[in-house]
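Quick notes on the structure that follows.
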Amino acid sequence: MKKQHIIFYLCLLTITHASAQIASASDNPKTVMQSTIYQNVPTQTIDVQGTKFVYRKLGTNTGVPVIFLNHLAATMDNCDPRIMDGIASHYQIICFDNRGVGGTEGKTPKTIAEMAKDARAFIHALGYEKVDLVGFSLGGFISQEILLQEPALVRKAIIAGTGPAGGEGIKNVTRITYLDIFRGLLTFKDAKTYLFFNRNKNGKKSAKEFLSRLEERKENRDKKMKVSNFQRQLKAIHAWGLQSSQDLSVIKQPVLVVNGDNDRMVPSSNTEDLSKRIQNSELIIYKDAGHGGIFQYHEEFVKKALEFLAQ
């Protein structure tokens, strides 16, 4: 057989094998679903009691869905793609802009309790009667309120970088946030560099990687949050920090409580306090990490989150 014939035959085998793999993937709905990643997942809208909410949904359409509740000033573009894609590898995960945030209409409420009511209304508008929650920072405050307001709605919850109502130092979030926004302006850096990460070698590296991941989505990005609604969020957090302590012993669901060991925004002592006050809880503290510990340790966090949700 001539050399060129041999080359042609090998190429034909390669193409045939690749075609078989594509056909096999097409026969597997789960594989097709995973071809969509957070970088390119479409933004959808839904009417929630007369207000247009925007959301993104990805992952396997089986089991209990996971609702992701985000941090102060965060739109859907502030969701870490590695965490979203990681959880979506086994579960359906939905992130959304709550009232007055990003592309969602309306004014942001001035209390965490009202934010939780809006989140619950959004979940029910999607037709869900049972969900798991992943709440980071402000999203962790809202998650606690959802657990208290409508416990039957939640199967399990993961709350990270957060604290209880009246928790240590939470009333200082506004001051710290404005200070680090100013630092960011002076140094031409995103304020999250200072708010979420330590200022040592590991922290600086993690901040750079995290902020780079947030820029992976190039098209159909979310709307920026209005300054007035950002200020309303800050007022809600300040009120939460001054609020009377809540009885968290009534929470019976399994709860995974996570933080870094050096959280400047919501001091890490709050994480340990939450774990003690929630009966069926598990505690994880990441070493040499700040408020954004789950972003710095995103691989470890996703692995643990998947194990926790599967138990």
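Listing for the model above:
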{"quantity": "Summed side-chain charge close to Lys224 - residues other than Lys224 whose Cβ falls under 13 Å, Lys, Arg +1, Asp, Glu -1", "calculated": "0"}
{"quantity": "Theoretical FRET efficiency, 1/(1+(r/R0)^6), r = Cβ-Cβ of Leu186 and Thr111, R0 22 Å, to 0.05", "calculated": "0.10"}
{"quantity": "Cα centre as origin, Lys/Arg/Asp/Glu Cβ charges: the chain dipole, Debye", "calculated": "780"}
{"quantity": "For segment 101-185: lysine pairs under 21 Å (alpha-carbon distance), excluding those fewer than 8 apart on one chain", "calculated": "5"}
{"quantity": "Projected label distance in nm at Val227 and Ala152, using a 7 Å step from Cα toward the beta-carbon", "calculated": "4.6"}
{"quantity": "Cut-off under 5 Å, modelled amide H: who pairs with Val131 long-range", "calculated": "Val154, Arg155"}
{"quantity": "Hz values of 3J(HN,Hα) by residue in segment 125-135 - Karplus curve (6.51, -1.76, 1.60), Gly and Pro given as x", "calculated": "4, 6, x, 8, 10, 8, 9, 9, 10, 10, x"}
{"quantity": "Accessible surface, the chain, averaged per residue in Å² (probe 1.4 Å)", "calculated": "47"}
{"quantity": "Positive-end residue of Ile142, Ala207, Ala165, charge dipole of segment 137-211 with Cβ unit charges", "calculated": "Ala207"}
{"quantity": "Solvent-accessible area, 1.4 Å probe, carbon plus sulfur percent, for segment 70-131", "calculated": "49"}
{"quantity": "Nearest-0.05 FRET efficiency for Ala310 and Thr43, computed from C-beta distance (R0 22 Å)", "calculated": "0.15"}
{"quantity": "Cleavage-rule hits (GluC sites (Glu not before Pro)) in segment 126-187: DSSP loop, at most 15 neighbouring Cβ within 10 angstrom", "calculated": "Glu129, Glu168"}
{"quantity": "Among beta bridges that DSSP assigns inside the chain, antiparallel share in %, nearest 5", "calculated": "30"}
{"quantity": "Neighbourhood net charge (14 Å Cβ-Cβ; Lys/Arg +1, Asp/Glu -1) for Gly127", "calculated": "+1"}
{"quantity": "Among the listed pairs Lys204/Lys226; Lys235/Lys287; Lys52/Lys223; Lys252/Lys303, those beyond 21 Å (Cα-Cα)", "calculated": "Lys204/Lys226; Lys235/Lys287; Lys252/Lys303"}
{"quantity": "Mean ellipticity per residue at 222 nm, deg cm²/dmol - from DSSP H runs of n ≥ 4 across the chain, formula -39500 (n - 2.57)", "calculated": "-13500 deg cm²/dmol"}
{"quantity": "Segment 191-229: GluC sites (Glu not before Pro) falling in loop per DSSP and having at most 13 other Cβ within 10 Å", "calculated": "Glu215, Glu216, Glu219"}
{"quantity": "Nearest 10 degrees, 0 to 90: helix 201-213 Cα axis against the chain principal axis", "calculated": "60"}
{"quantity": "Most fluctuating residue given options Gly166, Gly50, Gly290, as computed from a GNM of the chain linking Cα atoms under 10 Å", "calculated": "Gly50"}
{"quantity": "Within a Gaussian network of the chain (alpha carbon springs, distance under 10 Å), most fluctuating of Asp80, Asp132, Asp180", "calculated": "Asp180"}
{"quantity": "The chain: angle of helix 298-310 to the longest principal axis, Cα-based, in degrees nearest 10", "calculated": "90"}
{"quantity": "Solvent-accessible surface ranking, highest first, for Lys130, Lys287, Lys223 at 1.4 angstrom", "calculated": "Lys287, Lys223, Lys130"}
{"quantity": "Extension gain (nm, one decimal) between Lys218 and Ser245, 0.36 nm per residue minus Cα-Cα", "calculated": "5.4 nm"}
{"quantity": "13 Å beta-carbon shell around Gln246, net charge (K/R +1, D/E -1)", "calculated": "-2"}
{"quantity": "GNM result for the chain, Cα springs below 10 Å: residue of Asn259, Asn61, Asn220 fluctuating most strongly", "calculated": "Asn220"}
{"quantity": "Helix 138-149 axis, angle to the chain major axis (alpha carbon atoms, nearest 10°)", "calculated": "70"}
{"quantity": "Top positive-direction residue, dipole computed over the chain with Cβ charges, set Ile285, Gly102, Ala121", "calculated": "Gly102"}
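The values are calculated or read from the model by the stated rules, or taken from the named source; none is laboratory data. As the structure is a prediction and not an experimental result, all values here were calculated from the model. Please note: Cβ atoms are built from the backbone with ideal geometry, for glycine as well, and neighbour counts cover all protein chains shown. Accessible surface is based on the protein model in full, side chains and every heavy atom, while ligands, DNA and RNA are left aside. Shrake-Rupley method; radii C 1.70, N 1.55, O 1.52, S 1.80 Å.
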